[in-house]
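Asks: What follows is a structure written as structure tokens; I'll ask about it next.
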Amino acid sequence: MIILGIEAATRVASVAVVSDEKILAEISQEAKLTHSETLLPQIEQALKISGVETVDALAVSIGPGSFTGLRIGLATAKALSYAWQTKIIGVPTLQAISFHFPTNNAVVIPMLDAQKNRAYFQRFKNCRAFSGVGIKNIDDIVRDAGKIDAEIFLCGDVLHKIKIDLPPNVKIAPINCRMPRAVNVAMFGKVLIDAGEISNVMNIEPLYIRRSEAEELWEQRQK
């Protein structure tokens, strides 16, 4: 099975072509250009590098994350799924990040920017979630991690915003394991396909968790 993975939930745009046994191509880019400018050229290049003309499924990161990035990534995946008449799978972004640590007994806590010094976060062990998706002050997430009786790895795009000293059991993940990657999205997409969890191209939606800044400002003005 050939899966095209698309990741656009953060400032990094990432595309991967994965078979059952191999990573055929992966392109990740953090650039000043918007995902709307980079994503389709990345997909075209990844398919060319991999030598693949058709894919069996599209796996796309659905959040939480950047509202704009999620909309661009999902719109791109839906358009391709419809045009190619291939199945589409929505992959939670935090779950995909946990695939950096598939067999490590440590607890992995991915954290993605939720604005106002907050982060979306979730706790995983061996790629299995043992908490729901939350949104909390970044330093409070780190303090709470220090209370867990386990080795902790922090991932995500807000690590530079941590203002407190890390507790003894808490570590920053290696640089290659911090951010979402399209290959992880594709890998977890395969897990969902095997479990029969295929999304509907017509109603698949981003996992926003919170309202957008515009919605919050509108509500404040109404009050």
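The values are calculated or read from the model by the stated rules, or taken from the named source; none is laboratory data. Keep in mind the model is a prediction, meaning the values are calculated, not measured. Methodologically, a virtual Cβ is constructed for each residue, glycine included, from the backbone with ideal geometry; neighbour enumeration extends over all protein chains shown.
Asks: Those residues that are of a type in the set (S, T, N, Q) and without any contact (Cβ under 8 Å) to a residue 40 or more places away in the chain, I need them from segment 106-128; list them, please.
Replies: Passing the criteria: Gln122, Asn126.
Asks: Can you tell me which residue in segment 63-93 is nearest to the chain's Cα centre (by Cα), limited to those that are hydrophobic (A, V, I, L, M, F, W, C), under 20 Å from Ile193 (Cβ atoms) and buried (at least 22 other Cβ atoms within 10 Å of the Cβ)?
Replies: So, considering only residues that are hydrophobic (A, V, I, L, M, F, W, C), under 20 Å from Ile193 (Cβ atoms) and buried (at least 22 other Cβ atoms within 10 Å of the Cβ), the one nearest to the chain's Cα centre (by Cα) is Val91.
Here is a yes/no grid of residues against (1) at positive phi; (2) at pLDDT 95 or above; (3) in a helix (DSSP H, G or I):
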residue: Ile148; (1), (2), (3): no, yes, no
residue: Cys155; (1), (2), (3): no, yes, no
residue: Asp165; (1), (2), (3): no, yes, no
residue: Gly189; (1), (2), (3): no, yes, yes
residue: Val201; (1), (2), (3): no, no, no
residue: Arg210; (1), (2), (3): no, no, no
residue: Glu215; (1), (2), (3): no, no, yes
residue: Glu219; (1), (2), (3): no, no, yes
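Asks: Still on this structure: Only one residue in Val191, Val108, Val170 is surrounded by 14 or more Cβ atoms within 10 Å (Cβ to Cβ) and touching a Ser or Thr at 6+ places or on another chain (Cβ under 7 Å), so which one is that?
Replies: One residue alone meets the criteria, Val108.
Asks: Report yes if Glu26 is of a type in the set (Asp, Glu) and part of a strand (DSSP E or B), otherwise no.
Replies: Considered against the rule, which asks whether it is of a type in the set (Asp, Glu) and part of a strand (DSSP E or B), Glu26 comes out as yes.
Asks: Something else about it: Take segment 73-114 and flag every residue that is part of a strand (DSSP E or B) and not basic (Lys, Arg).
Replies: Ile88, Ile89, Gly90, Val91, Pro92, Val107, Val108, Ile109, Pro110, Met111, Leu112, Asp113
Asks: Here's another thing I want to ask about it. Pairs, please: C-beta under 8 Å, at least 6 apart or cross-chain, first residue farther than 14 Å from Leu40 by Cβ and in contact (Cβ under 8 Å) with a residue 24 or more places away in the chain and in segment 78-90, second in a helix (DSSP H, G or I) and of a type in the set (Ser, Thr, Tyr)?
Replies: Lys87/Ser81; Ile88/Ser81
Asks: Further question on the same structure: Can you find even one residue in segment 29-43 that is in contact with a Gly (Cβ under 7 Å, 6 or more places away or on another chain), in contact (Cβ under 8 Å) with a residue 60 or more places away in the chain and either buried (at least 16 other Cβ atoms within 10 Å of the Cβ) or outside any helix (DSSP H, G or I) (or both)?
Replies: No, segment 29-43 has no match at all.
Asks: Further question: Which of the residues belonging to segment 167-183 are over 17 Å from Thr93 (Cβ atoms) and part of a loop (DSSP other than H, G, I, E, B)?
Replies: Selection gives Pro167, Pro168, Asn169, Pro174.
Asks: To continue, here is another question. Consider Ala114 carefully, then state whether it is among the hydrophobic types (A, V, I, L, M, F, W, C) and either in the same structural domain as Ile204 (by TED's automatic domain parsing) or farther than 27 Å from Pro174 by Cα (or both).
Replies: For Ala114, the condition - among the hydrophobic types (A, V, I, L, M, F, W, C) and either in the same structural domain as Ile204 (by TED's automatic domain parsing) or farther than 27 Å from Pro174 by Cα (or both) - is not met.
Asks: Check Arg178, Arg143 and return the single one that is in contact with a Gly (Cβ under 8 Å, 6 or more places away or on another chain) and surrounded by fewer than 24 Cβ atoms within 10 Å (Cβ to Cβ).
Replies: Matching residue, one of Arg178, Arg143: Arg178.
Asks: A follow-up question, please. Of the conditions (1) touching a Leu at 6+ places or on another chain (Cβ under 9 Å); (2) modelled with pLDDT of 95 or more, Glu44 fails just one. Which one is it?
Replies: Here Glu44 clears every test but (1).
Asks: Then there's this: Among the numbered conditions (1) among the small types (Gly, Ala, Ser); (2) under 20 Å from Met187 (Cα atoms); (3) without any contact (Cβ under 8 Å) to a residue 12 or more places away in the chain, tell me where Ser131 comes up short.
Replies: Failed condition: (2).
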